[in-house]
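Worksheet: the structure to be examined is printed underneath.
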């Protein structure tokens, strides 16, 4: 990977991390289109680059996220992240293998898009409007939903938001809780990945990781502001349409041999 490719992928990550369209799926396809060959560092970069985007949540919501008097809020995040920590540890090799599969991304993009087309009509009567009303049990169930995103193309944001709505959260509250849950989830995923691979990462690659995370951080701040406003006005329908179109186009590119 060169610096231009690094920045392009970071921009893609920053835009897509909080939208329900799968940041990992988009990065995998971007890498294929840029002609980047799969390697241990590329796999590490695909995971680690998400940390920069995730930290944008801490900056945008710092008054709420860094209010240490709200210990119950942190407890809910800890409970919600447990399923991802356990399954991520148990199936890390299989997850790495899926990161090389554009076909998996195409199928999950298409299937996820169809679900998003109908998701607003499925959960019409939310009952939970404030974070304080989310119980530990509901947080854990949302965490289980989030685990679906270990399959590239599913979207961590979409899975956890849908999980929140299934647990009777409003759309905006489900989105915010998804943002907060992303912080411990991606810190753990990035830390685990870097711990496994740090001996194999060279000085130049460290620079690429640093640049990528900074770019993803800045772009993600803009994406979050856009997403919350758009979601409140329009719901998930347009994201569903995008996913169906993107998944269909990707399948065509794979079947015609343009993407292998």
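So here's what we get for this one:
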quantity	calculated
Only listed residue being farther than 14 Å from residue 80 by Cβ and in contact with a helix residue (DSSP H, G or I) (Cβ under 8 Å, 6 or more places away or on another chain), chosen from 181, 169, 195, 251	251
Of all residues in the range 68-86 being under 16 Å from the mean Cα position of the chain (by Cα) and closer than 13 Å to residue 192 by Cβ, the one that is surrounded by the fewest Cβ atoms within 10 Å (Cβ to Cβ)	85
Test set (1) farther than 28 Å from residue 45 by Cβ; (2) in contact with a helix residue (DSSP H, G or I) (Cβ under 8 Å, 6 or more places away or on another chain) - residue 175 fails condition number	(1)
Residue count, the range 94-103 (criterion: assigned to a helix (DSSP H, G or I) and either over 16 Å from residue 247 (Cα atoms) or under 16 Å from the mean Cα position of the chain (by Cα) (or both))	5
Some residue of the range 28-42 being within 16 Å of residue 222 (Cβ to Cβ), surrounded by 19 or more Cβ atoms within 10 Å (Cβ to Cβ) and touching a residue at least 60 places away in the same chain (Cβ under 8 Å)	no
Residue check, residue 239 in contact (Cβ under 8 Å) with a residue 24 or more places away in the chain, touching a helix residue (DSSP H, G or I) at 6+ places or on another chain (Cβ under 6 Å) and surrounded by 17 or more Cβ atoms within 10 Å (Cβ to Cβ)	yes
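A short reminder: the numbers here are calculations on the coordinates, not readings from a lab. The shown structure was predicted, so the numbers you read here are calculated from the model rather than taken from an experiment. Glycine gets a Cβ as well: all are built from the backbone with ideal geometry, and neighbour counts include every protein chain shown.
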